[in-house]
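The values are calculated or read from the model by the stated rules, or taken from the named source; none is laboratory data. These numbers were taken from a predicted model, which means no experiment stands behind them. Neighbour counts are summed over all protein chains in view; Cβ atoms, including those assigned to glycine, are modelled from backbone coordinates with ideal geometry.
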Amino acid sequence: MTTSFACEAILVTPPYMIQILRETQDVAPGVARALLLAGGVNRFGEANYRAVWGWSRLDWIGGKWEDRNAGGALIREVVEVRREPKYVPYDRWHIERWMPPESYGSPEEWRRATIEMVGGRSVAALGPYPARGDWEHCFTLAGPRGEFVQLTPAAARHVARAIEAGRGVSSARKREAVEERVRREERAYDAYAEAALGE
């Protein structure tokens, strides 16, 4: 796995300089291959599943932005679309699944649903229409307390297979499973409350 650091600098006005530092990591070839084998390819010949490092995954976000200097003083306000990190936590691996463009509606539906008025200007809140589809979040790799866990080919394969298995389950079956889990939790709480109250 390769770790690199990206640094983007935008000179606003002397002596101010906005510097954005973010850590990026490339996916190990074995992980990419495991995800490819588990999920296959989309119509563009790209993997249906991919792993991305939180800081590395940028997405379009439109709105009113405030640029500040190192001391925190406001330099300017601007309404625009920027590419910003998509996932939190930034320092974790995230598994994404490719979604086809039609899952976002037509380009006109996308525009109507995502356009926002900010400061009297219209801005594409989610950026341009994803004509080649896009990857959506499926899973964040972390330990039981949210701690960092290294992404291995075995972990990637397990996550992709679990997601694929879940896709074959009907909505009614998923709803039934959720309702049963809620009933189990309620029974466990009732038992705990009765024991605590000595009934």
Exclusive hit being of a type in the set (Lys, Arg), within 20 Å of residue 95 (Cβ to Cβ) and at pLDDT below 95, set 132, 157, 121: 157
Here the residues within segment 33-80 that are touching a strand residue (DSSP E or B) at 6+ places or on another chain (Cβ under 7 Å) and of a type in the set (Lys, Arg) are 50, 57, 64, 68, 76
Those residues of segment 125-164 which are farther than 17 Å from residue 99 by Cα, hydrophobic (A, V, I, L, M, F, W, C) and in a loop (DSSP other than H, G, I, E, B) amount to 125, 149, 151
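Assess whether residue 77 counts as being exposed (fewer than 14 other Cβ atoms within 10 Å of the Cβ), at pLDDT 95 or above and not in a loop (DSSP other than H, G, I, E, B).
Working: exposed (fewer than 14 other Cβ atoms within 10 Å of the Cβ): yes; at pLDDT 95 or above: no; not in a loop (DSSP other than H, G, I, E, B): yes.
Answer is no for this residue.
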